[in-house]
Each structure stands twice: as C-alpha cells, then as structure tokens.
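Here's the structure we're looking at; comments come further down.
Nothing in this text is a laboratory measurement; each read-out follows from the coordinates by a stated rule. Because the structure is predicted, anything quoted here is derived from the model rather than measured. Cβ: placed from backbone, ideal geometry, glycine included. Neighbour counts: every protein chain shown.
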Amino acid sequence: MVERLDAPQPVYPLPPIEQIPDEEIDRPEAGKQIITKCGRYGNTRDDFDLTRAGVHASVARSLSRLHTDYVDVVYVHDIEFIADVRAPRTAGNHLSALGSEREAYGLEEYQAGQVLGKGDQEVLGAIEALRELQEEGIVRKVGISGYPLPTLLRIAILVLHTTGKPLDIVMSYSHLNLQNRTFEAFKPALLERAAVKQGVSASPFSMGLLTPKPPTWHPASDEIKVAVAKAIAMHNERIGRESTGPTFSELALGYAFGQALKAHTPTVVGLGRIEDVHTCARVWQHVESGNLPIEWQTHIEAITHYFEAENVLDKCWENPSFS
C-alpha cells in the first residue's frame, strides 16, 4: 500500500491509487485518517473541475474506491491555479505579505471579503459543495491545499468572511524545510486571521529538491537548485571526512519534523521506496523521543547559514498558474 500511495512525482493524470483492497485501509476510530482531494485532474485549465457536480462526483469516486462511507478530509487542491492572482511578485520571499506589503497581496483588513473575480468564485463554490457533503457526514473536514502561502491565506480569509465559517484545514507544501521555513510565519495568520482550525505542512524534501537526485521537472529556480546541489556536496564532503554522520536527506527530515513538532504542525511526507519509509520512521522516532543526535543540529545550522549566504533561504519559486 505504501509503495502505491506514495508516488515519486506528481504526474497527471494520476493513476487510480485509491483502488486498493478493502482490508488495507482498516481504520480504527482513533487511528488512521483517510484524506483525499478534489478539483484537479490534469495539467491544463480544462483539467480542473470545481463545479458542484464535479466535486460531488470526485468524492463519490473516492468513497467507492476506498470502500468507505466517509472521508476524514477533502482538500480543494492547487487552488492557486484557479483563484485570482493578487501579488506584487510571483517568486522570491513573500514574508512581506504579513507586513509592509499586505495590501499588495490582498491581505489588508478592508480587503478581507473581496472576491477578486471568477477564479475566487470557483474556489468558493467548491468549498460550498464540500460543505454540503460535510452536513451529510460524508466529509468530516473541508480544506484547501496548494503552494503559495499568501494565496492560501487570502482565500482562507475570504472563505471566513463570505461564508461566516472558517476552513477546517489548510495544507501548504515546500514551506517548512531546510531551504524555506516561511510556513512558521504564516501559520499564526492562518489560525488567527482566517480562524483555520488546523495548518498542515507537506513535503520536507520540497518535492525532492532536498535530495541527491532532484527530479528534472522540479519548478525551483536555477539559483535555488544550484545552491541546494552545492549544499549537498559540501555536506557529503564534511561527513566523508568524519567517516560517519547523517545523510542530507536525514537532516532534511530531522529539521522539518523538529520544527513541526515544536509548532504542533502535522507533516505530510511523500515517499517512493520502502527504504525511505524506514528512514522516515527512524528519524521521526529520534525527533519525537528527543534523541536526535546533537551533531545533527550543527550540520543543520551549517546548511541554513549557507542558504542564507547564497540568498536563497526562504525564497519561493514561481507561483504556478495558467495565465
């Protein structure tokens, strides 16, 4: 099941990974959760369907494939492709969205209930469709997921102000890792300004960027990719001299898990091999028990200081869109 659910890269259209044997998703009430998504089914604008009928059909397919009568969470996925764009720039460091450039990102108080266009309306419609299913008990929690934190925050605030009810959950990926830590700054705004009940971070490896062999399709800028490659090479040279030490990937997991644990932030990890699952579990056990080796922190600080010196720390890549 692990091998089938954790695909190595986000290829669309996705295979029917929800079609798994019934016994493999046995779910005790206090144990596993089933989390799925709706809205995106391919790589073009036409492959998005946020209509009421489309959302309801997507959830119905999930229920059928997973042999269940409810799901714990459904995200309207990759909303940045559909929501209207309000940002002074589409790449770089977006922390100013929480301060000096709030208005430029559509995040001033007076902008809280402003629907910018048809894209925002589509996202709101999908949320409404999921909430209909929530009232029936078919969906327990309704949320949104995607990459750019300012957009996720703006839409979460918009949902609160236009519907009078906050989102249950918001997930962003690639924003709580060795190269980009900005989820830590945005999470309080999600919880306070948008009244979101739970913030979730995904991808400690930043979609494979922070691994020895990042995928060729990765959207990070060349500047970021080069800096990461150099950081990995320098770390490998360092532990080579010491004859022992954590791999770069282990450090990436250890850092992300440690920060997430401090902030009580659930973390989603995508894994491609059984060995990776074992490594992930081992690192998590070290972090959770407080037994992460002291020298790991020294390695982590060296890496983040290097990223800062190269001016790539907390930098985001180009926001994806069809415009």
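Miscellaneous remarks
- Eigenvalues of the alpha-carbon gyration tensor of segment 96-254, scaled by 5 and square-rooted, set the equivalent ellipsoid semi-axes at 36, 18, 14 angstrom, largest first.
- Given charges at Cβ of Lys, Arg, Asp, Glu: the chain dipole, positive-most of LEU271, LEU133, LEU178: LEU178
- Using alpha carbons only, the radius of gyration of segment 44-174 set against its Kirkwood radius gives Rg/Rh = 0.99.
- Long pairs among LYS32/LYS141; LYS141/LYS187; LYS141/LYS315; LYS141/LYS225, criterion Cα-Cα beyond 24 Å: LYS141/LYS315; LYS141/LYS225
- Antiparallel DSSP beta bridges within the chain, as percent of all bridges there, nearest 5: 10
- Translational diffusion coefficient (Stokes-Einstein; Kirkwood radius from C-alpha pairs) of segment 74-130 at 10 °C, 1.306 mPa s, in µm²/s: 127
- Residue-span extension gain [ASN43 to GLU109] - 0.36 nm each, minus C-alpha spacing: 20.3 nm
- Cα-derived Rg to Rh of the chain, Kirkwood definition: 0.96
- A protection proxy built from the mean count of other Cβ atoms within 10 Å ranks the segments 220-226, 154-160, most packed first, as 154-160, 220-226.
- At R0 = 22 Å, FRET efficiency that the Cβ-Cβ distance of ASN311 and ALA233 yields, to 0.05: 0.75
- Whole-Å distance, taken between Cα centres, linking segment 229-296 and segment 130-188: 27
- Each helix, a run of at least 4 DSSP H residues, gives -39500 (n - 2.57); summed and divided by the residues of the chain, these come to -13000 deg cm²/dmol at 222 nm.
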